[in-house]
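The values are calculated or read from the model by the stated rules, or taken from the named source; none is laboratory data. This is a predicted model, so every value here is computed, not measured. Virtual Cβ from ideal backbone geometry, glycine too; neighbours counted across all protein chains shown. Accessible surface areas use protein heavy atoms only, side chains included; no ligands, DNA or RNA. Shrake-Rupley method; radii C 1.70, N 1.55, O 1.52, S 1.80 Å.
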Amino acid sequence: MSRPTLMIYGATGYTGQLIAARAVALGLEPILAGRNAQKLASMARKFGLETRAFDLGDADRIAAALENITVVLHCAGPFVHTATPMFEACLRTGTHYLDITGEIDVFESLAARDAEAKEARIMALPGAGFDVVPSDCLIADLAARYPGGQYMRLGLAAHSGVSRGTMRTVLEGITDFRIRRNGAITRVAAGSLSHDFDFGVPPRTALVGVLGDVSTAYWSTGIPNIATYGQATSLVRMLTRMSRLFGWLPGRMPQILLGRWVERAPTGPSESERRGSYAILVAEIEDANGRRAAARLRTPDPYDVTAEAAVTIATRALHGDIKIGYQTPSLAYGADLIRQFPDVQWDLLEC
């Protein structure tokens, strides 16, 4: 029997490089994959690893590239365009599927294919990075402590830089804010909802966002009403105004116009910038009688958390620690998963 093998697809991207470096540091020997053979060759020389170059436009070629791959960690977004072809190849080859998306549509589409994943005997676990490992663990823990929750609110205060890949994904949903209401996902207007959270740092006010937990928190806890928010910093307020401004434009014109600006931005935060970055997540649960409970989680830089979480989950999957079918991080590995990572602070709050 061949030894378990990990492939990192999108390894030459900003986050993919961080993940690859973390995997090597922990003694793994992943196969580096992506579209650009030249960039992959440069990484291979640095790490001494095997590479496979292929794009996601040919189903047979993807499946051939995944032969004998135990786990693929998919890092090339926006995943609304790339997750389906990779997942379908995993169904054909029996490869466990992980990605680092935070996109609601990806979570929902893979959840709808749970039966296919089970038939293929694979695990499908999207959101193996900062989106959504810390928040999913925080929410699952709070829901278990206070059963009977009917409403879940999640606030994010991110004091960190942003990569081009993250900005591309943000642009995909800049006019598409959603919440879950009575079990169904529904659209809301940008800036139409706000909520005060105890982030521990000002401001307390947060505006409705579009975090992936609108999907994952439902599958992890069954809570039917879920809304996510971003701390009302100048950046969040600017994105809200942009959403209103560009919302009337037809088709993909907003993404095309703003995409030109994104491509001129730095690839992502520097190592020194990441050392000074952090994120705060606050989850608040409410039952039918209006009783509330809340908890706060502070993590290091989101990109560093993504590398740590994704490699941790991939390693466990490589060693056979999997659950077949569609999974969220907390369903597969428990709400305590995030507690094992360094420099994580977790507090229950008074409401």
*Count the DSSP beta bridges whose two residues both fall in the chain, then state the antiparallel fraction as a percent rounded to the nearest 5.*
60
*Stretched out fully, how many nm does the piece from Val201 to Leu348 gain, at 0.36 nm a residue minus the Cα gap?*
51.3 nm
_Anisotropy class of segment 92-180 from Cα gyration tensor, a/c 1.5 cut_ = oblate
_segment 38-165, accessible surface, carbon-and-sulfur percent (1.4 angstrom probe)_ = 44
*Added length on full extension, which subtracts the Cα-Cα distance from 0.36 nm per residue, Ala59 to Ser192*: 43.7 nm
_Contact order normalised by length for the chain, with contacts defined as Cα pairs under 8 Å and 6 or more residues apart; what percent is it?_
21
*Separation of alpha-carbon centers, segment 39-81 and segment 108-132, rounded to whole Å*: 19
*Only one of the values (1) 58; (2) 63; (3) 54 was calculated from this structure for percent of Cα pairs over 24 Å apart; name its label.*
(3)
*Contact order relative to length of segment 13-108, as percent, for alpha carbon pairs under 8 angstrom and 6 or more apart*: 22
_Descending semi-axes in whole angstrom, ellipsoid equivalent of segment 266-315, from the Cα gyration tensor_ = 31, 15, 8
_Area projected by the alpha carbon convex hull of segment 6-105, averaged over all directions, nm²_ = 5.9
_Helix 302-318 axis, angle to the chain major axis (alpha carbon atoms, nearest 10°)_ = 50
*How much net charge surrounds Phe341 when only the other residues with a Cβ under 13 Å from the Cβ of Phe341 are counted, with Lys and Arg +1 and Asp and Glu -1?*
-2
*Send over a whole-number figure in Å² for the accessible area per residue of the chain, probe 1.4 Å.*
44
*Which distance in nm do the two modelled labels at Ala288 and Glu119 give, with both placed 7 Å along the Cα-to-Cβ direction?*
3.8
*Between rounded, prolate and oblate, where does segment 269-351 land on the alpha carbon gyration tensor, with a ≥ b ≥ c its root eigenvalues, rounded for a/c under 1.5, else prolate if a/b exceeds b/c?*
oblate
_Estimated FRET transfer efficiency (His319, Asn68; beta-carbon r; R0 25 Å; 0.05)_ = 0.90
_Ignoring ligands, DNA and RNA, please state the percent of accessible area on segment 299-351 from carbon and sulfur, probe 1.4 Å._
45
